[in-house]
Amino acid sequence: MAVLPDPAALETVARHINGHGEDLRGRASRLVAAAENVRWRSPAAAAFRGEVQDLAVAFRRAAGEIDDAAHALRRHAAAVRRAEAVVRAAEQAATAALRGIEHALGF
């Protein structure tokens, strides 16, 4: 019999993953700000700043993918909760049916 994962644990992991996404966004912002504050002025400096901007875009895109992963974990946790509720309801129905049969048979 398969064991369902703990929904609370899945949500904890999702929160942890979200923290990484936020951290990555913060790093992107700090990186861009640091590059903009460098006193270096030349065509190479402009190219450098462009590369930093591209890297920041990649960081933010990765952060969005991290957000998607966390959201998927939350959806999975909700699905597990629904599955657990269905199992509990089936268990209760089976128990009630068994008690009814026992009662009808005089047990």
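The values are calculated or read from the model by the stated rules, or taken from the named source; none is laboratory data. Treat the numbers as computed from the prediction; the structure is a model and nothing was measured. Neighbour counts run over all protein chains shown; Cβ positions are idealised from the backbone, glycine included. To get the accessible areas, we keep the full protein, side chains included, count just its heavy atoms, and leave off ligands, DNA and RNA. Shrake-Rupley method; radii C 1.70, N 1.55, O 1.52, S 1.80 Å.
Determine whether segment 79-98 contains at least one residue that is closer than 30 Å to residue 26 by Cβ, in a helix (DSSP H, G or I), of a type in the set (D, E, K, R) and open to solvent by 60 Å² or more (accessible area, probe 1.4 Å). Working first, answer last.
Taking segment 79-98 and keeping what is closer than 30 Å to residue 26 by Cβ, we get none.
Checked against the condition, which is being closer than 30 Å to residue 26 by Cβ, in a helix (DSSP H, G or I), of a type in the set (D, E, K, R) and open to solvent by 60 Å² or more (accessible area, probe 1.4 Å), segment 79-98 yields no hits at all.
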Looking at segment 20-34, which of its residues are surrounded by fewer than 12 Cβ atoms within 10 Å (Cβ to Cβ) and either within 16 Å of the chain's Cα centre (by Cα) or of a type outside the set (A, V, I, L, M, F, W, C) (or both)?
-> 30
If you go through segment 35-56, how many residues are open to solvent by 40 Å² or more (accessible area, probe 1.4 Å), in a helix (DSSP H, G or I) and free of Cβ contacts under 8 Å to residues at least 12 places away in the same chain?
-> 6
Across (1) in contact with a Lys or Arg (Cβ under 9 Å, 6 or more places away or on another chain); (2) modelled with pLDDT of 95 or more, residue 38 clears everything bar (2)
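Residues in segment 38-78 that are among the hydrophobic types (A, V, I, L, M, F, W, C) and farther than 26 Å from residue 25 by Cβ: how many?
Within segment 38-78, residues that are among the hydrophobic types (A, V, I, L, M, F, W, C) and farther than 26 Å from residue 25 by Cβ number 1.
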Could you tell me whether segment 57-65 includes any residue that is more than 25 Å from residue 34 (Cα to Cα) and either in contact with a Lys or Arg (Cβ under 7 Å, 6 or more places away or on another chain) or touching a residue at least 60 places away in the same chain (Cβ under 8 Å) (or both)?
-> no
Confirm whether residue 62 is in contact with a Gly (Cβ under 9 Å, 6 or more places away or on another chain) and either part of a helix (DSSP H, G or I) or open to solvent by 100 Å² or more (accessible area, probe 1.4 Å) (or both).
-> yes
Among 13, 3, which is the only one that is among the β-branched types (Val, Ile, Thr), open to solvent by 40 Å² or more (accessible area, probe 1.4 Å) and under 12 Å from the mean Cα position of the chain (by Cα)?
-> 13
If we ask which residues in segment 18-51 are of a type in the set (D, E, K, R) and under 21 Å from residue 67 (Cα atoms), their number turns out to be 5
